[in-house]
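One structure is given below, encoded as structure tokens.
A short reminder: the numbers here are calculations on the coordinates, not readings from a lab. The structure displayed is predicted, hence computed values, not measured ones. Every residue, glycine among them, receives a Cβ derived from its backbone with ideal geometry; neighbour counts consider all protein chains shown.
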Amino acid sequence: MTDFPAHPGACPSTYPQALTVDDFRRNLARVRQRIEQACVRSGRDPATVRLLPVSKTVDCARVRLSCQAGCRELGENKVQEAYRKWQALSDLPDLRWSVIGHLQTNKAHLVARLAHEFQALDSLRLAEVLERRLQLLGRGLDVFVQVNTSGEASKYGLPPAEVIRFVRELAVYPALRVRGLMTLAVFSPDRARVRQCFVLLRQLREQLCQELAGGAQMTQLSMGMSGDMELAIEEGATVVRVGQAIYGARALPDSHFWPAPASHG
Ligand SMILES: *Cc1c(COP(=O)(O)O)cnc(C)c1O
């Protein structure tokens, strides 16, 4: 899959590696500025958009530098990598971990242990296993339901038409606090197509709020990454998940992180 930037001037392959605390301070300031400008353009308060730094593939030494520069929460796509870093960085106080990638049920216990938030919930079987593990630990977990808004077979997440029923069925899992919806937009140079994914997620949230008791608590929209955060914010994102614009370009192709479900189960 070719990864075109959805936003001119935001070409992920050109982000330089951040190697010092100052590099991270500068990159974080740039990202916050992009968020702020997108908010100003769309008449939103920047305080309503949370920046989730995504540290996947970044080694612990550099992650540590980013924390010194101000990162207080970290998103990881793969739970085993999150687990490794969670252990290695356990001396950092108040660091919060968000798992943002597809999860197999046999690794749910790791998320239950380490994560404050899980953004890729897309099956009831997984919800059930997470609930059981969380109950054993006496913990709760903020969750986002992942939606496949692009219709691509290579993307995880529920088809939009199944979201309302799915969220309704989650009510029997009290340890899972449903905060909202998450999506990955289509990778396309066609900004209108990217925007359409974000619009769809926002419309689904409106439907949730209207049709579900408790829907008023499910207002979060996690959408937008290094290449398309402006579009996402214009369409209502409350969480943007940003990796490369903070840490630098990744060598691994994105297909490594969201392969076709058929090939990975
Ligand atoms: C890697 C990743 C991101 C961040 O992408 P960047 O291009 O590094 O900003 C966001 N969401 C998910 C689910 C990811 O795996």
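Quick look at the numbers
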read-out: Most mobile of Leu170, Leu231, Leu52 in a GNM of the chain (Cα contacts under 10 Å); value: Leu170
read-out: Mean ellipticity per residue at 222 nm, deg cm²/dmol - from DSSP H runs of n ≥ 4 across the chain, formula -39500 (n - 2.57); value: -11500 deg cm²/dmol
read-out: Most fluctuating residue given options Pro160, Pro53, Pro93, as computed from a GNM of the chain linking Cα atoms under 10 Å; value: Pro93
read-out: Cα centroid of region 102-126 to Cα centroid of region 156-208, whole Å; value: 17
read-out: Convex hull volume per residue for the chain, taking Cα atoms only, in Å³; value: 121
read-out: Extension reserve of the Arg168-Ala47 stretch, reckoned as 0.36 nm per residue once the Cα distance is removed; value: 40.6 nm
read-out: Magnitude of the charge dipole, the chain, Cβ model with Lys/Arg +1 and Asp/Glu -1, debye to 20; value: 380
read-out: Spin-label model distance (nm) - Gln33 vs Leu92, 7 Å beyond Cα toward Cβ; value: 2.4
read-out: Full-extension gain in nm, Gln104 to Gln203, via 0.36 nm per residue minus C-alpha separation; value: 32.8 nm
read-out: Candidates Gln119, Gln220, Gln37: whichever shows maximal mean-square fluctuation once the chain is modelled as a Gaussian network with Cα springs under 10 Å; value: Gln37
read-out: Inverse mean reciprocal Cα-Cα distance (Kirkwood Rh) of region 93-138, Å; value: 10.8
read-out: Additional length obtainable on full extension of the chain from Leu137 to Arg177, 0.36 nm per residue less Cα span; value: 12.9 nm
